[in-house]
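The values are calculated or read from the model by the stated rules, or taken from the named source; none is laboratory data. What you see is a predicted model; the values in this text were computed from it and never measured. Cβ coordinates were reconstructed from backbone atoms using ideal geometry, including for glycine residues, and neighbour counts include every protein chain displayed. Quick note on the areas: whole protein, heavy atoms, side chains included, nothing else; ligands and nucleic acids left out. Shrake-Rupley method; radii C 1.70, N 1.55, O 1.52, S 1.80 Å.
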Amino acid sequence: MNYYSTRDPSKQSVSFQEAVLSGLAPDGGLYVPDSIPELSPDWQNASSLPELATRVLTPWLADELSRDALAAITTDALDFSVPLLKLDDGLAVLELFHGPTLSFKDVGARMMARLMNTFLKGRRERLTILVATSGDTGSAVADGFAGQENIRVVLLYPKSMVSEVQERQLTAPRPGVRAYAVAGDFDACQRLVKAAFVDPELRDLGLSSANSINLGRLLPQSTYYFWAALQAGVLGFEPPIFCVPSGNLGNLTAGILASRMGLEVPHFIAAHNANDFFPGYLKSVYDHGGFRNTVPTLSNAMDVGAPSNFERLYGLLGGDALREGDIWATSVSDEVTRTRLRKVYETYGYVACPHTAVGFEAAARYREATGDGAPIIVLATAHPAKFADVVEQTLGVTLPEVAALEALKGPDITAPTLAPTLDALKGELLTKA
Ligand SMILES: *Cc1c(COP(=O)(O)O)cnc(C)c1O
């Protein structure tokens, strides 16, 4: 398997190791696979999530990593449960938030950290991981990479656009990790990262990314679609539709890759908040360069006006196939998100986070718009306790305390503020260890 940049018409390819260690291609494009391997049907015999992940990733990595090395990585990284809960005969929720930082991003970040570390061993190289985060990515990456001797992590998060819990998670002291509050929105953070990657003065630092643009995060996420399907089979569900609360479209892209590997998925639902570029694109309201400015919402980990993985989806499938394909998308306002959060709680006694609530609303809209009665799995992307303010206020309940968050309460948050300019970032990267 090899990987080429979405911006390279000659499709010159690199190995998985190169793609993972560099993150973004040198021309600023995203790496996509030159072909998609078909998974042997015996994936259905996997008896645990790590074993399934090893089976899913083996055909992508076989040339570059032994099966034993891969199995060691998946066992260490995926040491938490990913349960599928049935809510009624046509609706289930896949809880992806039982990892250490309580969002689905732990899956990709923990896998990527261990893949990178394995590759870096023997190369005797030092890397700086530069991450723009709207909240959950940064803490998952910081947690996943903390203490790796040859890797330093620099996190950029949009000042005043993350919850207090998210900020505490991001700025918790960890060896080798530094967090900056950028005076701007998430897209400003993301622009800084992109500019840093192509800056010649920073080349010697060995910059890499850990955003969902990195294949090392993206590919492992395909695993839990297979894992959900295994559990859905036990529940007696027909091949389910997946409803994916989306921002940068990494999670959705991982699902599409799973279906291209042979998983039977009749449709995907892309559930967006008020940041509606992708639904607008599919409806031909926006064209493929028509990115939007970011709008702040309750589901802030999905506040993305210019989804970075759109270029990858577009590169993989092409615009026509995207618009005519299996993806149904919708955009949900904050008000309707709250209404749906209440409705899910009243109907099923289930407490969702705001992102997952956007997913539940999208699933209901899909049913109503299409009349399709196929079962739907909503991906629950974060633990409701990470967004306790919104959830408690909306539902009028007090959420039980969660140990992983209690441990963070303490002194004031002291992350330095960074101006949203490349010069300011370069100053920090080049002068601080
Ligand atoms: C990151 C995130 C999303 C969006 O995922 P993408 O892969 O960027 O589309 C949704 N929900 C939560 C809780 C997240 O942290």
Task: Percent RCO, i.e. relative contact order, over the chain, from Cα pairs under 8 Å lying at least 6 residues apart - done: 18
- [ ] Please report how far the C-alpha centroid of region 410-433 lies from that of region 148-186, rounded to the nearest whole angstrom.
- [x] 10
Task: 18 Å Cα-Cα reach of LYS86 towards lysines, excluding residues that sit fewer than 8 places from it in its own chain - done: LYS343
Open item on the list: Can you compute the FRET efficiency between ASP88 and ASP68 using 1/(1 + (r/R0)^6), with r the Cβ-Cβ distance and R0 = 25 Å? Round to the nearest 0.05.
Closed with: 0.05
Task: VAL391 accessible area, assembled protein chains, probe 1.4 Å, Å² - done: 0
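For a protection proxy built on the mean count of beta-carbon atoms within 10 angstrom, sort 119-128, 418-427, 90-99 highest first, please.
Descending mean neighbour count gives 90-99, 418-427, 119-128.
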- [ ] Quick one: net charge around GLU38, please, counting Lys, Arg +1 and Asp, Glu -1 for every other residue with C-beta under 14 Å from its C-beta.
- [x] 0
Task: Dipole in debye (nearest 20) - the chain, about Cα centre, beta carbon charges: Lys, Arg +1; Asp, Glu -1 - done: 700
Task: Within the chain, helix-based [θ] at 222 nm, where runs of 4 or more DSSP H residues each add -39,500 (n - 2.57), nearest 500 - done: -12500 deg cm²/dmol
Open item on the list: Among GLY176, GLY289, LEU96, whose Cα projects farthest towards the positive end of the dipole of the chain, with charges put on the beta-carbon of Lys, Arg (+1) and Asp, Glu (-1)?
Closed with: GLY176
Task: Positive minus negative residues near LEU49 (Lys, Arg vs Asp, Glu; Cβ under 14 Å) - done: -3
Open item on the list: If packing is taken as the average count of other Cβ atoms within 10 Å, what order do 296-307, 315-326, 213-224 fall into, highest mean first?
Closed with: 213-224, 296-307, 315-326
- [ ] Give the percent of DSSP beta bridges with both residues in the chain that are antiparallel, rounded to the nearest 5.
- [x] 25
TODO: Return one whole number: the accessible area per residue of the chain in Å², for a 1.4 Å probe.
DONE: 38
Task: Label-point separation, GLU401 to LEU235 (7 Å along Cα→Cβ), nm - done: 3.2
Open item on the list: Once you keep just the Cα pairs under 8 angstrom separated by 6 or more residues, what percentage relative contact order results for region 352-401?
Closed with: 47
Task: Cα→Cβ-extended label distance, 7 Å offset, between ARG342 and GLU264, nm - done: 4.0
- [ ] Report the relative contact order of region 260-374, percent, no decimals, based on alpha-carbon pairs under 8 angstrom and at least 6 residues apart.
- [x] 32
- [ ] Quickly work out the ASP320-to-THR431 label distance, labels modelled 7 Å from Cα along the C-beta direction, and quote it in nm with one decimal.
- [x] 5.5
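With the Cα gyration tensor of the chain giving a ≥ b ≥ c as the square roots of its eigenvalues, does the rule (a/c under 1.5 for rounded; else a/b larger than b/c for prolate; else oblate) give rounded, prolate or oblate?
Working: a/c = 1.37, a/b = 1.15, b/c = 1.19.
Cα axes put the chain in the rounded bin.
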- [ ] Among DSSP beta bridges lying fully in region 53-191, give the percent that are antiparallel, nearest 5.
- [x] 25
Open item on the list: Rolling a 1.4 angstrom probe over the protein chains, ignoring ligands and nucleic acids, what is the accessible area of GLU264 in square angstrom, nearest 10?
Closed with: 130
Task: Residue pairs, from the table LYS194/LYS426; LYS105/LYS426; LYS105/LYS386, whose Cα atoms sit over 20 Å apart - done: LYS105/LYS426
- [ ] Whenever you get a sec, line up THR370, THR398, THR6 from highest to lowest accessible area (probe 1.4 Å, protein heavy atoms).
- [x] THR398, THR370, THR6
Task: Accessible surface of region 278-433, 1.4 Å probe, proportion on carbon and sulfur as whole % - done: 50
Task: Per residue, the convex hull volume that the Cα atoms of region 42-193 enclose (Å³) - done: 145
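Please report the carbon-and-sulfur percent of the accessible area for region 49-168; probe 1.4 Å, protein heavy atoms only, DNA, RNA and ligands left out.
Carbon with sulfur: 45 percent of the solvent-accessible area.
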